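The values are calculated or read from the model by the stated rules, or taken from the named source; none is laboratory data. Note that this is a predicted model, so its numbers are computed, not measured. Glycine gets a Cβ as well: all are built from the backbone with ideal geometry, and neighbour counts include every protein chain shown. Please note that ligands, DNA and RNA were not included when accessible areas were found on the heavy atoms of the full protein model with its side chains. Shrake-Rupley method; radii C 1.70, N 1.55, O 1.52, S 1.80 Å.
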Amino acid sequence: MRLEPINLFDYEARARPLLSHNNWEFIEAGAMDEITTARNRSAFEDITLRPRFLIDATERKIATTVLGEAISFPVMISPTDGHGLAYSEAECATARGAGMSKTLMMCSTSSHCSLEEIAAAATGPLWFQLSHRGYGPTENLVQRAEAAGYKAIVLTIDAPIPTPKERDIRNRFVRPGEMGNFREFLKQTADTGDDVDPPNWEMPSAPPLTWQDLEWLRSLTNLPIVFKGVRTAEDARLALEHGANAIMVSTHGGRRMDTTMSSIEALPEIVTATAGRVEIYVDSGVRRGSDVLKALALGATAVSVGRPLYWGLAVNGAEGVHHMLELLREEFNRAMAYCGQNSVDDLEERLLNIPREWGPVRTENDIVERLPF
Ligand SMILES: Cc1cc2nc3c(=O)[nH]c(=O)nc-3n(C[C@H](O)[C@H](O)[C@H](O)COP(=O)(O)O)c2cc1C
């Protein structure tokens, strides 16, 4: 009898033969030489734990909150597009899987299901990830997300222009299916005969947002705004000045700009720069429960996973997403016990050995001196 997957890498291996070559490559790919994608993993591996023993850590609190939303453990689902690449019920199945694990799902603008369909299927909290595709579509999406009960807007800032990945160029990859969130929009523009550049998978049909547009975005909604893709103290400080309610340190899984630092390496300077004023989340390369502990010990409130959700979906739909998350929960719980920790609220940097070459965490003053504003 075949064992069920026992870790996320098993899920990856099981998913591969179940997906078409081109869909698989699209999901796995990073930008260019995929150096940042690899570094997202190797940097986690370079941090080692400092386990502590003879401490009673039998009652461990791993539940937490993110912007006031209760989640059963500090792992969420990152926003990723087109879950139909891996499973027919697409994001609706992912939402059910996340709900079974009592955690939060961030839903991409570029989904196969519409945000309303996902909200109807979900049993846990949802945040809506916004990719700006022009003022009209953004206003429409934000208002629909608020009406459908999404609890925050996750503004992706690290994708100003399209970045075709080299694997996809070689494969002449074309994304299957239509974008659920723009079905109505496309119908309306077809009906009116308006000469509007319709939103599509690849190309934002509008100039990217800038810091100057944030007041406008803020005026559209009362929902909290999470800035996703922050990688430097400079942008973290600007995000705070522009009313960020939380910051997500992310390299987009290394899919946008290659040879940037990994997320976990960037985290300390952002934690220092924001000085506890907002919650910080991290994604990119999280695959093991010990990675979760490392991110929290460095100051994150929670982490999220991207590619693994497709692996879970491909292997077993909503149940696969749920089981993939449960494996992470189990591993994280074990890492907590081995580090003698009773609560996610108490994790500190002293639980880790950080590679010497990363250097000391820069102080707020060092950063301020270098800023041009
Ligand atoms: C196939 C795929 C599609 C993605 N689409 C989006 C997206 O639409 N919006 C977004 O903000 N991030 C997107 N991301 C990035 C994820 O939100 C997340 O940052 C990344 O997957 C985390 O890294 P990991 O895959 O190593 O866990 C995508 C990632 C993947 C793998």
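Kindly provide the GluC sites (Glu not before Pro) of segment 1-74 that DSSP labels as loop, not H, G, I, E or B, and whose Cβ sees at most 11 other Cβ atoms within 10 Å.
Working: sites: Glu12, Glu25, Glu28, Glu34, Glu45, Glu59, Glu69; in loops: Glu34, Glu59.
Here the sparse-neighbourhood loop sites are Glu59.
Each residue was assigned an accessible area with a 1.4 Å probe, and for Phe182 the value is about 0 Å².
A cut-off of 5 Å between modelled amide H atoms, ignoring neighbours fewer than 5 places along the same chain, links Ser304 with Met76, Val282, Asp283, Ser284. Multiplying the residue separation of Ser219 and Ala70 by 0.36 nm and subtracting their alpha-carbon distance yields 51.0 nm.
Loop-resident trypsin sites (Lys or Arg not before Pro) (DSSP state other than H, G, I, E or B) in segment 193-285 with no more than 15 further Cβ atoms inside 10 Å of their Cβ: Arg277. DSSP bridge analysis restricted to segment 28-153 gives an antiparallel fraction near 40%, rounded to the nearest 5. Less than 5 angstrom separates the built amide H of Val230 from those of Met248, Ser250, all sequence-distant by 5 or more or on a different chain.
With both residues required to sit in the chain, DSSP beta bridges show an antiparallel share near 15%.
Semi-axis lengths, largest first, of the ellipsoid equivalent to the chain are 31, 25, 20 Å, with √(5λ) applied to each eigenvalue of the Cα gyration tensor.
Take the chain, connect every pair of alpha-carbon atoms lying under 10 Å apart with a spring to form a Gaussian network, then pick out the residue of Met105, Met324, Met261 with the largest mean-square fluctuation. Sorting by GNM fluctuation, first place goes to Met261. The magnitude of the dipole of segment 89-164, with charges of +1 and -1 set on the Cβ of Lys/Arg and Asp/Glu and taken from the Cα centre, is near 160 debye. Computed extension length for Asp56-Glu357: 104.9 nm, one decimal, from 0.36 nm per residue of separation with the Cα-Cα distance subtracted. Go ahead and set up a Gaussian network model of the chain, Cα springs under 10 Å, then flag whichever of Phe44, Phe128, Phe185 fluctuates most. Comparing Phe44, Phe128, Phe185 in a Gaussian network model of the chain, the most mobile one is Phe185. Annotation: amide H of Leu130 within the under-5 Å range of Val154, Leu155, Thr156, sequence separation 5 or more or interchain, hydrogens built in the peptide plane.
Annotation: peptides 144-150, 327-333, 82-88, ranked by per-residue average of other Cβ atoms within 10 Å with the highest first, follow the order 82-88, 327-333, 144-150. Ordered by 1.4 Å accessible area with all protein chains kept, Asp235, Asp46 run largest first as Asp46, Asp235. So what's the gap between the Cα centers of segment 275-322 and segment 147-174, to the nearest angstrom? Value for the Cα centre distance between the two parts: 18 Å.
Who wins for biggest fluctuation among Trp211, Trp311, Trp127 in a Gaussian network model of the chain, springs between alpha carbons below 10 Å? Maximum fluctuation in the GNM of the chain, among the listed residues, is at Trp211.
Net charge dipole, segment 226-274: roughly 200 debye, given to the nearest 20, about the Cα centre with Cβ charges of +1 for Lys and Arg and -1 for Asp and Glu. Bridging of Lys61 to aspartates and glutamates at a Cα separation below 12 Å is possible for Asp345, Asp346, once same-chain residues fewer than 8 apart are set aside.
The order of Met32, Met248 by accessible area, most exposed first and with a 1.4 Å probe, is Met32, Met248. Under a Cβ-Cβ cut-off of 12 Å, what is the net charge of the residues other than Leu351 that fall near it, where Lys and Arg count +1 and Asp and Glu count -1? After counting each charged neighbour, the total is +1.
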